[in-house]
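Engineer: Take this structure, written in structure tokens, and hold onto it; I'll ask about it next.
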Amino acid sequence: MEGVSNMELFAIALINVEESYVRSLSAQVKQALQHLHIAQNGLTATYTWSETRAFIYVEVEAGSVIHDPHIHEAEVRACLAEVLASHIVADKESSILRNLITKDFKYEKQTDIEAIEGYCKQTLIQESELEGLPLMNSSPSRLRRIGLLKEQINALLEENPQISLDGFLKFRIQEYKEELREIAEYAIDEFMMDRQYQEFISLLQYFVYIQEAKIPAAHLIHKGGHEFVILNDRMEPIDANEFDASFRMEMLEKDINFEDMIVSTLITVSPANIYIHTRDPELTIIKTIGQIFEDRTSVCSYCRTCDLYLGDAKKQDQLSP
């Protein structure tokens, strides 16, 4: 260690880490210390490293004008706790979440684990977006987790100026883990709902596949919002009750809504082609129908039928602000 006569205030013990990792964390500590008004008086961070163990030291340099470093001990301790807490959330959180997913929730399949991790990230991103904050950097949940860890680290450093980061992560973060567990549980719920949805779509695709076409074409006209009209190839309203329906949405034991009724009607009448007329092709129900009926569907926004039922798109564009 450089400057053996330096006065040590705090030390962070690390086990089995790369030197690049220690160097980076030490630099983060040093940078944070520089923002304290006492930093110019000789406060610094140094480190030692070996393959099995490393230490990061917060020290007062030899010859410093600070006469009694312990006067600033609480300020320096809080600064160090903030750096370590932010570091854990930024660099360790994803691995802690993975351990929760694999060990606590017993997921073993790699694709499932990665999918759930993706939902965890989406949850954190959406939370930031809802608050109008930078991506995952300043969300209330993240700041709360950092604050929770900071409080625990600060208390430990007050008891003992040396902290083992590995020991802290192993034995002292139960409350923090509970926050992450809630995120993981929500992500798993989303994962399971998406899996059920995909299985549901696959089942509907099967019904479409085994059925012969009953009519040449159907026109699904989306007038806006939840208002849809289904017409046959002669542009007449379709009555699904006229068909011998071997399929009913109720048999799938799913809550019926307007989207389900549209899909149920289309499967019942089994058109060879479905022409979807809409000004909003990104609508969920439009995409769902495309998934279920695949190459039977085509979406348009500017044909004569669109103009007739949806209005002249060019005039609408001119009226738009």
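Engineer: Using a simple spin-label model with points 7 Å from Cα along the Cα→Cβ vector, what separation in nm is obtained for Q205 and S95?
Structural biologist: 3.8 nm
Engineer: Pull out the extension gain between K287 and K103, defined as 0.36 nm times the separation in residues minus the alpha carbon to alpha carbon distance; nm, one decimal. If you can, show how the numbers build up before the last one.
Structural biologist: Details: separation 184, 0.36 × 184 = 66.24 nm, distance 3.64 nm.
In short, 62.6 nm is gained.
Engineer: Quick one: grab Rg to one decimal and Dmax as a whole number for region 132-238, Cα atoms only, in Å.
Structural biologist: 27.3, 84
Only the coordinates and a few stated rules stand behind these numbers; no lab work does. Bear in mind that the values here come from a model prediction, so they are computed numbers and not experimental data. Neighbour counts run over all protein chains shown; Cβ positions are idealised from the backbone, glycine included.
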